[in-house]
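These notes are about the structure you will find just below.
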Amino acid sequence: MDPVLQRISDDVAGARQRKDVKYFARAALATLVTLKMACLVTGCATQEHRADPTGQDSARHLSDAGKALRWSDPDDAFAGAHGAGTADVAPSLTQLARQWLMPSRDFAPTASARAASDQSDDIWGRLRHGFQLDDREDRRIDKAAAVYKDKPEVWSRIEERGRRFLPLIVKEVEQRRLPLELALIPIVESTFDPTAVSPGKAAGLWQIIPTTAKTLGLQRNGHYDGRRDVLAATDAALDYLQTLAGEFDGNWELALASYNAGSGTVRRAIARNREIGKPTDYWSLDLPAETEAYVPRLLAAARVVKHPRSFGVQLSDLPAEPEVTPVRVAEQIDLSLAAQLAQMSLSELKDLNPGLASTRSQLPSQQSLLVPVEKAPTLLAELDRRAGQPASERPAAAVAQAPAEPVALAEKPQHSAAAESTPDTTHVVGKGDSLWAVARKHSVEVAELARANRIKPDTPLREGQRLTIPTGAPRTSQVVGNRFDGEG
């Protein structure tokens, strides 16, 4: 063939090939977009949280891109991939496939510049950053999460109740280096209502029953119920959860199931499965219906925090730093006097301190009051002034509450726990003592105390029994000033 004709023929063939490649590329892109739109319309949108781990992309971006043929939405993942100078450039086929048709299966939140900033000033970002539990694919989790999608007002109610207490709880869980999903347990237990009481007489945010409260060393009398005290109950509940996790070799799913049903129930279920050769993980156990739904309900709440838009939830702006702070009071005073000293309304102070039965209830000595951050300096100054006054010079309303011995100064926020005395080396068990109560008294972990005495954490104690208190053992968290001070 003539060389000229051959070259012309090759050019024509090459042009056709390039045209075919462009055609098929466009066809593939159109197919991908069509499949995604069909998936969203037919119900795949309910699984959007799987493909959108950061919660930043949505069907809206896809729709806007299809209409305008521009990719300039600053929140769109595509613009972030190409940079500000090339915002009009369409994403590659690979990017589209990875973003829409290859979703993550582990539900794990991914780090981003926006998430990193959230960790410092937003409670939801702080929570997402500290989630550690496995959010697996399970119909029980899907069923529990659907409640928030069907009834978004439920989440709004939870936020309204929890905005004052959630940041405090998150700080305590963080300081103990525990999974931050644990901070959401009050959602499952009480929908963050500190006054909630169950038919089984469980009370407070953490729904602690009377017998467990006694075991955990929570005080209860006519004036005060430690189960409803946000600070004391949180401290006790997390101690309990940590001990349960230790009992099950760090398995938090089994620990959470035990928190709901008791460790004995879970151990028996494990033994039954082991006998018949079945797996012994939480998801394989035959447990009471409430317990089988317990962990899924917690993971469903965490899923809403991670992917709120997938459930039609608009998370409110809630700072990570608490709006309230605990102030330890050395003397016994009633709530109405404390409100006067803090120069705040009695009703507001009562709402922050539901552990006190009435406005005339006496706060136990060395317990803490929750007050708004801005009121703490006023209350501390008044408590210091009272501590320096003779009883005869104090206001008449407070004379009846004055203790018989000199009153120590209220502890200020800057007080360091390092100044506390060294734990005793032995403890003689008294009437009604439990391992929990002894551990809290000497500021050691229950697990460490049990290990030092070669007993199990749930072993009953005998009156007169001598316990070795391990010096230098990790301390349980103690409420001091405006923070939780814990190293457990």
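List of remarks:
- Residue pairs whose Cβ atoms lie under 7 Å apart, sitting 6 or more positions apart in sequence or on different chains, and linking a residue in the stretch 261-290 that is free of Cβ contacts under 8 Å to residues at least 12 places away in the same chain to a partner that is among the aliphatic types (A, V, I, L, M) and surrounded by 13 or more Cβ atoms within 10 Å (Cβ to Cβ), are Thr280/Ile270.
- Matching residues in the stretch 145-158 - criterion: being over 17 Å from the mean Cα position of the chain (by Cα) and either closer than 20 Å to Glu290 by Cα or assigned to a helix (DSSP H, G or I) (or both): Ala146, Val147, Tyr148, Lys149, Asp150, Pro152, Glu153, Val154
- Of all the criteria given as (1) at pLDDT below 90; (2) touching a helix residue (DSSP H, G or I) at 6+ places or on another chain (Cβ under 7 Å); (3) over 25 Å from Ile169 (Cα atoms), the one not satisfied by Gln343 is (1).
- Residue list for the stretch 281-310, restricted to those being surrounded by fewer than 17 Cβ atoms within 10 Å (Cβ to Cβ) and in a loop (DSSP other than H, G, I, E, B): Asp281, Asp286, Pro288
- Residue among Pro474, Pro423, Pro470, Pro460 that is in a loop (DSSP other than H, G, I, E, B), at pLDDT 75 or above and within 27 Å of Arg328 (Cα to Cα): Pro470
- The set of residues in the stretch 329-383 being surrounded by 15 or more Cβ atoms within 10 Å (Cβ to Cβ) and among the small types (Gly, Ala, Ser) consists of Ala330, Ser336, Ala338, Ala339, Ala342, Gly355, Ala357, Ser361, Ser368, Ala376.
- Considered as a group, the residues in the stretch 236-255 that are out of contact with any Leu (no Cβ under 9 Å at 6 or more places or on another chain) and not small (Gly, Ala, Ser) include one that is nearest to Val197 (Cα to Cα), and that residue is Thr243.
- Here Tyr224 meets the list (1) surrounded by fewer than 19 Cβ atoms within 10 Å (Cβ to Cβ); (2) touching a strand residue (DSSP E or B) at 6+ places or on another chain (Cβ under 8 Å) almost entirely, failing just condition (1).
- Considered as a group, the residues in the stretch 203-232 that are touching a residue at least 60 places away in the same chain (Cβ under 8 Å) and hydrophobic (A, V, I, L, M, F, W, C) include one that is farthest from Lys441 (Cα to Cα), and that residue is Val230.
- Test: residue in the stretch 324-335 that is part of a helix (DSSP H, G or I), without any contact (Cβ under 8 Å) to a residue 40 or more places away in the chain and not assigned by TED's automatic domain parsing to the domain that holds Phe165: yes
- Answer from Arg394, Arg386 - the residue that is at pLDDT below 75, of a type in the set (Lys, Arg) and surrounded by 12 or more Cβ atoms within 10 Å (Cβ to Cβ): Arg394
- Within the stretch 147-188, the residues that satisfy the criterion of being of a type in the set (A, V, I, L, M, F, W, C) and closer than 11 Å to Val304 by Cβ are Val147, Val154, Trp155, Ile158, Leu184, Ile187.
The values are calculated or read from the model by the stated rules, or taken from the named source; none is laboratory data. Computed from a predicted structure; not experimentally measured. Methodologically, a virtual Cβ is constructed for each residue, glycine included, from the backbone with ideal geometry; neighbour enumeration extends over all protein chains shown.
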